[in-house]
Amino acid sequence: MKEEYNFKEVEAQWQQYWEEEQVYKSEIQDKDEYYVLEMFPYPSGNLHMGHVRNYSLGDVFARFRRMEGYNVLHPMGWDAFGLPAENAAIERDIHPNDWTWDNIENMKEQFKMLGLSYDWEREVATCHPDYYRWTQWLFLQLYKEGLAYKEKSVVNWCPSCQTVLANEQVIDEECERCDSQVIDKELEQWFFKITDYAEQLLDDHHLLEDWPQRVKTMQKNWIGRSEGAVIEFAIEGSDEALEVFTTRPDTIYGATYMVLAPEHPLVEELVTGTDQEEEVKEFIAQIKEQDEEERTGSDSEKVGIDTGIKAINPVTEEEVPVMIANYVLMDYGTGAIMAVPAHDERDFDFAKKYDLPIRVVIQPEDEELTAEQLEEAYTEDGVVVNSEILNGLSVDEAFDKIIAYLEEEGLGQKEVNYKLRDWLISRQRYWGTPIPIIYCDDCGIVEVPESDLPVELPTDVEFTGTGQSPLAKAEDFIKTTCPECGQEAEREVDTMDTFVDSSWYYLRYTSPDFTESAFDSKRANYWMNVDQYIGGIEHAILHLLYSRFFMKFLHDQGYVDYKEPFGDLLTQGMVLLDGAKMSKSKGNIVDPLEILDNYGADVARLFILFAAPPERDLDWSDEGVEGAERFLNRVWRLVAQNIDQLKDVTGDFEITTDADKKLHRQLHVTIKDVTVDVGERKQLNTAISAIMELVNSAYKYLNDVQELNYQLLRAVVEKIILVLAPFAPHMTEELWSQLGFEDSVHQQSWPEYDEEAIKKDEITIVIQVNGKVRDKVEVAADISEDKLKELVKKQDNVQRYLEGKEVVKEIVVPQKLVNLVVK
RNA sequence: GCCGGGGUGGCGGAAUUGGCAGACGCAUCGGACUUAAAAUCCGAUGGGACUUUCGUGCCCGUGUCGGUUCGAGUCCGACCCCCGGCACCA
């Protein structure tokens, strides 16, 4: 055995072995399953450090659980539809299909070089007709249940990508992908009715105990549930009524005016023919010209206009003016509000500016508010005043009472509102899953029969780069016959948002060969849910919320038992260089292929797992990589330098000396630490440092001890190899075989630790005087408390502090510490 | 503004239940091996004062200020700073 480790040879050799022997193949067995999943990548063709981190993390968990005896499912695939393929087609004249499949082949090669333990027989690619056929099938299931619908609406349009974006894909009025300014456009679009699941998506967070709190919080904010009431305000001189949504019905007696959104549908009807008509229309036109940020940003100036119309406050029966203002949004609630300036900051600002009446209806306990003296809205709790039937009640009591009253009088009812909007899934792109819908002049919107799926993407299309989707011009694709009446009809030319593809892939992995449906319920119920899901925090809302929605829908349809797709979620931090996100445009990239070439996969994996805990951002460090290399070489030499003696060992070890005992104890401490760190705490950095300590101890033993106990040493070396195996799969495999074993190290059982071996006979007791450490003493672990108290007082350094003082209290923490309190 | 996470040596980071702060690694310094270098191995490394006592000794130290406690990086209160999310959502 050579003293120098040749990673190139060893890594290639074992990768080939794993593939040939199908070491990571998974099938249903009569034992506990464990599903480890990393978010599948877009096949850009370039492996980057984020991938290395994500997939190394997942691989450690998969290998660890396998050794623990679980039947592990660890699949990989490709989120293969999307815009970059089309751009490549335009820029480089390569068909998106060819470009994508070339990239997949490339990246798969690179993934294999990392030594990742995937069952490649389960590979899926969302752009393959065998996959998107079932994406289309899922669309049809949603359509049948009324959860997919088409509607004309104002949408976010990215002029550069020439497509519609979901609300979630718009960041600060800009396209999340290309940063172009997003504009409004009115189009007929397909939506998924995710709002039907708003309540469940929120409620079921309680099932997700192992999710990071911040992900749940982000989703909660996004769903934006608020409880309140819808209340009707009659309009003076009209049969129409205005409905408002409010979360503070308890303040209704303080509602001194109303505000409508400029787009409110009743505005036009109500002002037409009045004196204010022209003024109001001009104002609305002005507002519409403002961009979104200017108009609705939280620090935008509030502007409005009096319509001259009067409404009737349903409880006070007073006339109140109806205003139009930019601070009321049409797409939330009813697009109209009752304004309570005394108790709402926005209404207060607006009322001050336009000199509208203010009436205090909530009084705090400790001071007396008056409308004249009020300098800001009072939004806290208090006692209701000036409110007839509500007077004297608390805010909570008034809330319930007024709703009951309004419901009785037929003036309103309790209602829950959400910020969550339906999911717009239409994209005016070519490289995506075609929406399986046909338009017939007579029959209208007709679904493609399930037996006709997949609606295949035509390959013979033109990429002009003019922006219009190539599908919209593919005559052969568009022209079809109506499945219902047989006459000429046209296909839908939009494709689906790629988030639809990725909302169910985790189910497809459980039965990728299934031809009767999207997945085999029997197999899905065996493997699901995903026990450990790992990916970037950037998917906290979009992908994770959509996947949860799909899972719930499929659950409700009886296709799968679970309600939630992902049990435990680990959101890994970014890989940075000099504190900044690696990016091509900035030129601060560390190429994983270079690292693989110079150091090998085991070093790359070990460094990236050791440098920071999984959830935190990680700064790349060349020196750190060398440290990882140094450590692995140290492990290698530990075996190589002693291979002859280690190989010849027979029989079990016996512990005779103190040095033996110490090493043996360290061995069990390490096994325990690694087991807990990987299995429970998911802190792989500390798991690795525990292994490093054991290796250091083994070296110390070799250096310090004359009569080496090779039986013990062999046991230690074996265990080092086993616990290191999930992290450095290639080197450990080679070392395992060098020790004479014939089976793969990755098919061994995870070593067990013995609590008895961890116990010490002699323990160090820390002695404090008045809470400060003054001495330490070695004592037998089973020493009595009285003896210990006596002993600590005899220590030289302790005596110095006791001299001339009186011990007033003695605190003994068993096995750890004695604190003497003196005066 | 609201919500969430965080602030520990020169650096990345440990400290599991309130009980030795700084594990492990990097960097640096010293030593061994070598003709030399690399590699490797051994040792030192939070700050400070003390020099007739160089220590198994002393003082300070986990963003700031205060509190609880025999004892606080850890718990409580107030504040400062950094990162992320949301932001006129009635």
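The values are calculated or read from the model by the stated rules, or taken from the named source; none is laboratory data. Values in this document were obtained by computation on a predicted structure and should not be read as measured data. Please note: Cβ atoms are built from the backbone with ideal geometry, for glycine as well, and neighbour counts cover all protein chains shown. Please note that ligands, DNA and RNA were not included when accessible areas were found on the heavy atoms of the full protein model with its side chains. Shrake-Rupley method; radii C 1.70, N 1.55, O 1.52, S 1.80 Å.
Computed over the range A:158-252, the quotient of the alpha carbon radius of gyration and 2.2 N^0.38 Å is 1.54.
Here the accessible area of chain A is 42 percent carbon and sulfur, with a 1.4 angstrom probe and all protein chains present. Semi-axes of the equivalent ellipsoid of the range A:533-687 are 39, 27, 14 Å, computed as sqrt(5λ) over the eigenvalues of the C-alpha gyration tensor in descending order.
Model label sites at residue A:400 and residue A:32, defined 7 Å from Cα along the beta-carbon direction, differ in position by 4.5 nm.
Using square roots of five times the C-alpha gyration tensor eigenvalues, list the equivalent-ellipsoid semi-axes of the range A:757-823 in whole Å, biggest first.
22, 11, 10
Give the peptides A:323-336, A:735-748 in descending order of average Cβ contacts within 10 Å, highest first.
The most tightly packed comes first, giving A:323-336, A:735-748.
When each of the peptides A:718-728, A:416-426, A:274-284 is scored by how many other beta carbons lie within 10 Å of its residues on average, the order from highest to lowest is A:718-728, A:416-426, A:274-284.
In whole angstrom, how far apart do the alpha carbon centroids of the range A:385-458 and the range A:192-244 sit? The distance from the Cα centre of the range A:385-458 to that of the range A:192-244 comes to 10 Å. The convex hull around the C-alpha trace of the range A:45-107, projected and averaged over every direction, spans 5.1 square nanometres. The largest-to-smallest principal axis extents of the Cα set in the range A:599-680 are 46, 30, 20 Å.
From the helices alone, meaning DSSP H stretches of at least four residues, give me the mean residue ellipticity at 222 nm for chain A, per-run term -39500 (n - 2.57), in deg cm²/dmol to the nearest 500. Taking each H run of at least 4 residues, the total per residue is -11500 deg cm²/dmol.
Over chain A, average the accessible area per residue using a 1.4 Å probe and give it in Å², no decimals.
46
Over all alpha-carbon pairs in chain A, figure out the percentage whose distance exceeds 37 Å. Percent of Cα pairs beyond 37 Å in chain A: 59. To the nearest ten degrees, helix A:7-21 and the longest principal axis of the Cα atoms of chain A are 70 degrees apart. Residues whose amide H lies under 5 Å from that of residue A:383, counting only those 5 or more places away or on a different chain, are A:363; hydrogens are built 1.01 Å from N in the peptide plane.
Fully extending the segment from residue A:108 to residue A:696 would add 208.0 nm, taking 0.36 nm per residue of separation and subtracting the current Cα-Cα distance.
Rg and Dmax of the range A:462-547, based on Cα coordinates, read 18.6, 51 Å. The Rg/Rh ratio of the range A:479-523, with both radii computed over alpha carbons and Rh defined as the Kirkwood radius, is 1.18. Each residue of the range A:318-432 gets 179 Å³ once the volume of the Cα convex hull is shared out per residue. Look at where the Cα atoms of the range A:619-649 and of the range A:44-86 average out, and the two centres are 27 Å apart.
If you take the square roots of the eigenvalues of the alpha-carbon gyration tensor of the range A:384-463 and sort them as a ≥ b ≥ c, do you get rounded (a/c under 1.5), prolate (a/b over b/c) or oblate? It is prolate, given that a/c is not under 1.5 and a/b is the larger ratio.
Note that the range A:645-738 shows a convex hull volume over its alpha carbon atoms of 95 Å³ per residue.
Pairs of C-alpha atoms in the range A:586-629 farther apart than 15 Å represent 40 percent of all such pairs. The Cα center of the range A:678-715 and the Cα center of the range A:759-800 differ in position by 29 Å. Between the helical axis of A:129-144 and the longest alpha-carbon principal axis of chain A there is an angle of about 40 degrees. The equivalent ellipsoid of the range A:184-306 has semi-axes of 35, 20, 16 Å, largest first, where each one is the square root of 5 times an eigenvalue of the Cα gyration tensor. One quarter of the surface of the convex hull around the alpha-carbon atoms of the range A:700-803 equals 10.8 nm², the direction-averaged projected area.
Would you be so kind as to identify which of A:663, A:640, A:624 lies farthest towards the positive end of the dipole of the range A:614-674, taking Lys and Arg as +1 and Asp and Glu as -1 on Cβ and the Cα centre as origin? It is A:663, whose Cα lies furthest towards the positive end.
Dividing the convex hull volume of the alpha-carbon atoms in the range A:271-339 by its residue count gives 106 Å³ per residue.
Dividing the alpha-carbon Rg of the range A:409-505 by 2.2 N^0.38 Å yields what?
Details: Rg = 18.0 Å, N = 97, 2.2 N^0.38 = 12.5 Å.
The reported ratio for this selection is 1.44.
Protection proxy ranking for A:684-692, A:657-665, using the average of other Cβ atoms within 10 Å per residue and placing the highest first: A:684-692, A:657-665.
For chain A, the longest principal axis of the alpha carbon atoms and the long axis of helix A:729-738 meet at an angle near 20°.
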